[in-house]
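Only one structure is covered here, and it is reproduced in the block below.
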Amino acid sequence: MEVTASSRHYVDRLFDPDPQKVLQGVIDMKNAVIGNNKQKANLIVLGAVPRLLYLLQQETSSTELKTECAVVLGSLAMGTENNVKSLLDCHIIPALLQGLLSPDLKFIEACLRCLRTIFTSPVTPEELLYTDATVIPHLMALLSRSRYTQEYICQIFSHCCKGPDHQTILFNHGAVQNIAHLLTSLSYKVRMQALKCFSVLAFENPQVSMTLVNVLVDGELLPQIFVKMLQRDKPIEMQLTSAKCLTYMCRAGAIRTDDNCIVLKTLPCLVRMCSKERLLEERVEGAETLAYLIEPDVELQRIASITDHLIAMLADYFKYPSSVSAITDIKRLDHDLKHAHELRQAAFKLYASLGANDEDIRKKIIETENMMDRIVTGLSESSVKVRLAAVRCLHSLSRSVQQLRTSFQDHAVWKPLMKVLQNAPDEILVVASSMLCNLLLEFSPSKEPILESGAVELLCGLTQSENPALRVNGIWALMNMAFQAEQKIKADILRSLSTEQLFRLLSDSDLNVLMKTLGLLRNLLSTRPHIDKIMSTHGKQIMQAVTLILEGEHNIEVKEQTLCILANIADGTTAKELIMTNDDILQKIKYYMGHSHVKLQLAAMFCISNLIWNEEEGSQERQDKLRDMGIVDILHKLSQSPDSNLCDKAKTALQQYLA
């Protein structure tokens, strides 16, 4: 009550008829709220905000009063997120943006400072900056007014530039030209905020990045300025942000991966950020940026892996903060304990990038102390981000045949992975199911136990997902599972998947899903007894599906796979008859023998060879029927083909007729 009573006194003074007393009241209020969150909350509850905004916008208010109102509002915004929400509810942003049209610089700066505080809060929607199309050009014009307008406006831009649409708006309004010269400002804060602007503008944006490469500031190209800013004598924040700018320009294709500014400057700078001496957030940002830089480039992965013992250095990310940590600052320790999971996430991300392509690097990572145990632990952490990073890391390492046969088996990685697959968000499911595809390859010792733990149902479930990436992975894993599998597994797959679902997948709009489903069918229909067994139960539907695909508008690869499935069916003992009694299919095979694309001609040839093979029962009748259809004439023509493969296959087939 006491606090509220004294707070009410501040609010009441805002309504005094004497403007001088109102001004004094606002100044006293300013002094009362600095650093006092309770006081801020009280004043908001008591309705100070609408009155301050009214005074700020009132024509009759003096510039001094307006400026002091903006300062108090800025101070209130510095409090909790709830304070910012209350200010937003009172429509503070349009009022402050309106204030920027004033001729008075001090008032403009106070409005910008308050806007900066509000826009940097996580509860403020960035879109509010772009609602009125006149705002961005006006802010660009204000950049030249003072070092404060430069600092605040750059900070607003760097916080509100989220995604390509925002980048385009800022770029089209001349952000690059207007901000570039600020990199040589005398004020460190201005240089820093300008640098941050460039990092968010360039991120995944080829248009901006290509422009930045050629921008000159005082006769020096921007990339050279960024390189100077990441030297060791510069503040860490500046080194990191410059390294980000160069990284993003490189990833957007504006700087080559073998350019010295990447190999000799950016990469070593980011590795330095991963060392024990750096603060937690610097180590996190350094590792994540480095992971992004080297992700697509095997040469950079190799260089990074041998720079400053990086692989061993990252192992320290899992031991932090340890009981013997040199953190004397209790507040810091408390903060770091709350954020230690971010270090683990960053380490997993960087390990995933390092091991993306090179077998030796993967081996080094896995041989790092307790690495596999750490990843397995990461799979069950409470933080979704850590789980996702751990799965990505594991997926990257699972590209190694050697590791699938050894470390992955020793640590029974499939167990926690199957658990992750039970109920995870889609982004984790996509990576985890990709990895399951690798664990189900025929040479992987994990294949058996995974099958026994109910993988077939799980994967058939994925094929029904709305998400095409999950449908692809589900069917891909089933395809790997069916490869050279025993009859029982194939029967399980067909039963769990159901023929209805199989045909749904064969008419899927996603080409990858269709290709992997054809691959699954081809693997199911291999080895004679299996072909005959499956065709005896599902023959009619499979022949229907094959006909539909061969008649449909599909690319060469799809049709080639489909003809290969027919060739497998033609290799069956009883299954052959399903082709021989189907004149429509026989005409299609004949048509593809004369197709303009060699791949399709070869696939059709396989069908014919399997149908006319001499040593098999009924071959004479089949040969006669095909001769009557004109197949022998086509074979003679193909035996003259300039394609040696096709020519050989045709000659071999003709020999069956002569034997």
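Counting only protein chains, not ligands or nucleic acids, how are Asp426, Asp89 ordered by accessible area (probe 1.4 Å), most first?
Asp89, Asp426
State the answer as a single residue: which of Gly474, Ile542, Ile489 lies farthest towards the positive end of the charge dipole of the chain, with beta carbon charges of +1 for Lys and Arg and -1 for Asp and Glu, about the Cα centre. Of the options given, the answer is Gly474.
Considering only Cα atoms, the convex hull volume of the range 190-331 works out to 120 Å³ per residue. With respect to the chain, whose longest principal axis is taken over its alpha-carbon atoms, helix 528-551 is tilted by about 60°. Taking label positions 7 Å along the Cα-Cβ direction at both Val384 and Glu359, the computed distance is 3.8 nm, reported to one decimal.
Normalised radius of gyration (Cα atoms, divided by 2.2 N^0.38 Å) for the range 26-83: 1.06.
State to the nearest 20 debye the size of the charge dipole of the range 305-447 about its Cα centre, where the only charges are +1 on K and R beta carbons and -1 on D and E beta carbons. With only Lys, Arg, Asp and Glu charged at Cβ, the dipole is about 280 debye. Of Pro445, Gln501, Thr168, whose Cα points farthest to the positive end of the dipole of the chain (charges on the beta-carbon: +1 Lys, Arg; -1 Asp, Glu; origin at the Cα centre)? Of Pro445, Gln501, Thr168, it is Thr168.
The Lys38 and Thr134 beta-carbon pair, evaluated with R₀ = 41 Å, returns a calculated FRET efficiency of approximately 0.60. Note on Trp414: accessible area approximately 40 square angstrom, rounded to 10, probe 1.4 Å, nucleic acids and ligands left out. Looking at the range 418-474, the GluC sites (Glu not before Pro) that sit in a DSSP loop and have at most 13 other Cβ atoms within 10 Å of their own Cβ are Glu442, Glu466.
Determine the shape class of the range 523-659: with a ≥ b ≥ c the square roots of the Cα gyration tensor eigenvalues, call it rounded for a/c under 1.5, and otherwise prolate if a/b is greater than b/c, oblate otherwise. Oblate is the answer for the range 523-659, as a/c is 1.5 or above yet b/c matches or exceeds a/b. For the listed residue pairs Lys189/Lys331; Lys319/Lys364; Lys234/Lys331; Lys66/Lys162; Lys363/Lys385; Lys38/Lys85, the alpha carbons are over 22 angstrom apart in Lys189/Lys331; Lys234/Lys331; Lys66/Lys162; Lys363/Lys385. Per-residue packing, averaged as other Cβ atoms within 10 Å, sorts the ranges 279-288, 298-307, 132-141 into the order 279-288, 298-307, 132-141, beginning with the highest.
Dipole of the range 518-659, Cα-centred, from +1 at each Lys and Arg C-beta and -1 at each Asp and Glu C-beta, to the nearest 20 debye?
On the way: 15 positive and 18 negative charges, 35 e Å.
Dipole about the Cα centre, nearest 20: 160 debye.
Report Rg(Cα)/(2.2 N^0.38 Å) for the range 609-657, keeping two decimals. The partial results should precede the final answer.
Numbers: Rg = 10.8 Å, N = 49, 2.2 N^0.38 = 9.7 Å.
For the range 609-657, the normalised Cα radius of gyration comes out at 1.12.
Calculate the dipole size of the range 19-174 relative to its Cα centre from +1 charges on Lys and Arg beta carbons and -1 charges on Asp and Glu beta carbons; express the result in debye to the nearest 20.
Details: 13 positive and 13 negative charges, 83 e Å.
Approximately 400 debye in magnitude.
The 1.4 Å probe gives accessible areas that order Tyr152, Tyr248, largest first, as Tyr248, Tyr152.
Based on the inverse mean of 1/r over its pairs of different Cα atoms, what is the Kirkwood hydrodynamic radius of the range 104-157, in Å?
Working: mean 1/r = 0.0880 Å⁻¹.
Over the range 104-157, the inverse of the mean reciprocal pair distance is 11.4 Å.
His309 contributes an accessible area of around 150 Å² to the protein surface, as traced by a 1.4 Å probe with all chains present. Rg/Rh for the range 52-137 (Cα atoms only, Rh after Kirkwood) is 0.94. The percentage of C-alpha pairs in the range 430-475 whose separation is greater than 17 Å is 28%. What whole-number distance in Å separates the alpha-carbon centres of the range 556-578 and the range 108-141? Here the two parts' Cα centres lie 64 Å apart. When the alpha carbon gyration tensor of the range 214-255 is reduced to an equivalent ellipsoid, its three semi-axes come out at 17, 15, 6 angstrom, largest first.
Shape class for the range 60-104: prolate, because the ratio a/c of the largest to smallest gyration tensor axis (alpha-carbon atoms, square roots of eigenvalues) is 1.5 or more and a/b beats b/c.
The orientation-averaged projection of the convex hull spanning the C-alpha atoms of the chain amounts to 38.6 square nanometres. Between helix 598-612 and the chain there is an angle of about 40 degrees, using the helix long axis and the longest principal axis of the Cα atoms.
Summing +1 for each Lys or Arg and -1 for each Asp or Glu among the other residues whose beta-carbon sits under 14 angstrom from that of His597 gives -1.
If you rank Thr517, Thr120, Thr574 by how much accessible surface each has, with a 1.4 Å probe, what is the order from largest down?
Numbers: Thr517 0, Thr120 45, Thr574 90 Å².
Sorted by accessible area, descending: Thr574, Thr120, Thr517.
Per residue, the convex hull spanned by the Cα atoms of the range 125-198 amounts to 76 cubic angstrom.
Could you give the alpha-carbon Rg of the range 391-501 over 2.2 N^0.38 Å, rounded to two decimals? If you can, show how the numbers build up before the last one.
Values: Rg = 13.0 Å, N = 111, 2.2 N^0.38 = 13.2 Å.
The range 391-501 yields a ratio of 0.99.
On C-alpha positions alone, give me the angle between the axis of helix 330-354 and the longest principal axis of the chain, in degrees, nearest 10. Value to nearest ten degrees: 30. For Thr527, the solvent-accessible surface computed with a 1.4 Å probe is close to 80 Å², ligands and nucleic acids excluded.
Rounded to the nearest 0.05, what FRET efficiency do Lys488 and His341 have when you use their Cβ-Cβ distance and R0 = 35 Å? The partial results should precede the final answer.
Numbers: r = 43 Å, r/R0 = 1.24.
With a Förster radius of 35 Å, E is 0.20.
Let me make sure I get this right: for the range 72-218, a, b and c are the square roots of the gyration tensor eigenvalues over alpha carbons, sorted descending. Under 1.5 in a/c it's rounded, otherwise prolate if a/b > b/c, else oblate. Which is it? Taking the square roots of the gyration eigenvalues as a ≥ b ≥ c, the range 72-218 is prolate. Within the set Lys576/Lys625; Lys228/Lys349; Lys447/Lys488; Lys540/Lys649, which residue pairs have Cα atoms separated by over 19 Å? As for pairs spanning more than 19 Å Cα to Cα, those are Lys228/Lys349; Lys540/Lys649.
The values are calculated or read from the model by the stated rules, or taken from the named source; none is laboratory data. Keep in mind it's a predicted model, so treat the numbers as computed, not measured. Because the Cβ atoms are built from the backbone with ideal geometry, glycine has one as well, and the counts that use them run over all protein chains shown. The accessibility values were calculated without ligands, DNA or RNA, using every heavy atom of the protein model including side chains. Shrake-Rupley method; radii C 1.70, N 1.55, O 1.52, S 1.80 Å.
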